[in-house]
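Below you'll find the structure, written out as structure tokens, and then a few comments.
The values are calculated or read from the model by the stated rules, or taken from the named source; none is laboratory data. For clarity, every value in this text was computed on a predicted model and none was experimentally measured. Methodologically, a virtual Cβ is constructed for each residue, glycine included, from the backbone with ideal geometry; neighbour enumeration extends over all protein chains shown. Keep in mind that these areas ignore ligands, DNA and RNA; they rest on the heavy atoms of the full protein, side chains included. Shrake-Rupley method; radii C 1.70, N 1.55, O 1.52, S 1.80 Å.
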Amino acid sequence: MFFLAFFSALVFCCNWVDKLHLLVAFNCGCVIVPSLQIKTDEVRKEYKVMFGGRKITHVCLILKINTKTMEIIVDEKYSDTPLEDIQDELPDCSPRYVIYNWKITTKDNRVTNPLCFIYYCPEGSNTKENILYCRSKGWLQNELKIQKSFECVDLEELTDEWVMENFSKA
């Protein structure tokens, strides 16, 4: 129990670190979490292409961690697709990063395109994957310069309405 509390505190404090080796004790065993690399060219290129113009109503970029190469890569990309339609494309048992941009009209009739970073981590995910995703989410969010961040555990919650509700709270 002590190790889990210590590890949780360590992960919370170290999210911003680019390369960090963590050693976590679980019942006399250990899991080594290796360093992650971001496929900088691919992810940044897709990010600029998808969110550069912001003329589309809904834009979504889904990123994943390739556990074999330990790289953050583009998994899927969507244009003019609300989150409700993207739910079926997200895995039930593996985390993902979702970068989402949508077009809204404010109460004073201004058109704006909010951008947010969603860490999707379903219950029942692999512990090692959870650690990898959790450890790198803050760093990735900072790297892409996205200020609004949310976490989602239940896939059914991931809707445009949920994002708007959370966005207005933040």
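Worth pointing out:
- One residue alone among PHE117, PHE167 is open to solvent by 40 Å² or more (accessible area, probe 1.4 Å), aromatic (Phe, Trp, Tyr) and within 18 Å of CYS60 (Cα to Cα), and that residue is PHE167.
- Filter result for ASN126 (at positive phi, surrounded by fewer than 19 Cβ atoms within 10 Å (Cβ to Cβ) and without any contact (Cβ under 8 Å) to a residue 60 or more places away in the chain): no
- The single condition from (1) buried (at least 19 other Cβ atoms within 10 Å of the Cβ); (2) in contact with a Pro (Cβ under 9 Å, 6 or more places away or on another chain) that ILE86 fails is (2).
- LYS169 in contact with a helix residue (DSSP H, G or I) (Cβ under 9 Å, 6 or more places away or on another chain) and of a type outside the set (A, V, I, L, M, F, W, C): no
- The residues of region 100-148 that are assigned to a helix (DSSP H, G or I) and of a type in the set (A, V, I, L, M), listed by number, are ILE131, LEU132, LEU140.
- Pairs linking a residue in region 152-168 that is closer than 15 Å to PRO82 by Cβ to a residue that is in a helix (DSSP H, G or I) and open to solvent by 70 Å² or more (accessible area, probe 1.4 Å), with Cβ atoms under 6 Å and 6 or more positions apart or on different chains, are THR159/GLU84.
- Region 82-105: number of residues that are at pLDDT below 85 and out of contact with any helix residue (DSSP H, G or I) (no Cβ under 8 Å at 6 or more places or on another chain): 2
- Just one of the numbered conditions (1) under 19 Å from GLU46 (Cβ atoms); (2) surrounded by 13 or more Cβ atoms within 10 Å (Cβ to Cβ); (3) not acidic (Asp, Glu) is not true of THR69: (2).
- Within the option set GLU157, GLU143, GLU151, being open to solvent by 20 Å² or more (accessible area, probe 1.4 Å), out of contact with any helix residue (DSSP H, G or I) (no Cβ under 8 Å at 6 or more places or on another chain) and either of a type in the set (Ser, Thr, Tyr) or more than 24 Å from GLU46 (Cα to Cα) (or both) holds for one residue only, GLU157.
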